[in-house]
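Just so you know, all these numbers are worked out from the coordinates, no wet-lab data involved. Keep in mind it's a predicted model, so treat the numbers as computed, not measured. Cβ: placed from backbone, ideal geometry, glycine included. Neighbour counts: every protein chain shown.
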Amino acid sequence: MATHALKRAVSLSGGQTSLASACGVKQPYVWNWINRDGRVPAEYVLRVSQATNFEITPHELRPDIYPNCSDGLPIDHAAA
């Protein structure tokens with residue numbers, strides 16, 4: 001599930017290079033998250049969500065550290 005959300009985040013953000021730039025890393029990091037790690041490292045979850053304008057939530061990316069659907073969302077997105 002988290003890998004599917006990450007792939008959607010890549011698509012919504014304009015590709016791996018664009019997402020990597022938004023996160024302050026290089027594209028191979030994003031490739032590794034998808035193909036090796038299977039998840040976004042905790043320190044990048046909020047940046048990935050922000051890169052998608054929170055269409056992909058922190059909960060979708062890492063439910064182990066954001067267990068509630070609104071965890072990590074800005075107030076204006078959490079109320080929606």
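Listed values, structure above:
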read-out: Sparsely packed trypsin sites (Lys or Arg not before Pro) within region 4-72, loop by DSSP, other Cβ within 10 Å at most 14; value: LYS26
read-out: Residues VAL10, VAL48 arranged by fewest to most Cβ contacts within 10 Å; value: VAL10, VAL48
read-out: Residues ILE34, ILE65 arranged by fewest to most Cβ contacts within 10 Å; value: ILE65, ILE34
read-out: Label-point gap, in nm, between ALA42 and LEU12 - each point 7 angstrom along Cα→Cβ; value: 2.3
read-out: At most 15 other Cβ within 10 Å, DSSP loop - GluC sites (Glu not before Pro), the chain; value: GLU55
read-out: Angle in degrees between helix 2-13 and the longest Cα principal axis of the chain, rounded to the nearest 10; value: 80
read-out: Dipole magnitude of region 2-78 about its Cα centre (Cβ charges: Lys, Arg +1; Asp, Glu -1), debye to nearest 20; value: 320
read-out: Residue exposure sequence - LEU46, LEU19, LEU12 - by fewest surrounding Cβ within 10 Å; value: LEU12, LEU46, LEU19
read-out: Normalised per residue, the volume of the convex hull around the Cα set of the chain (Å³); value: 77
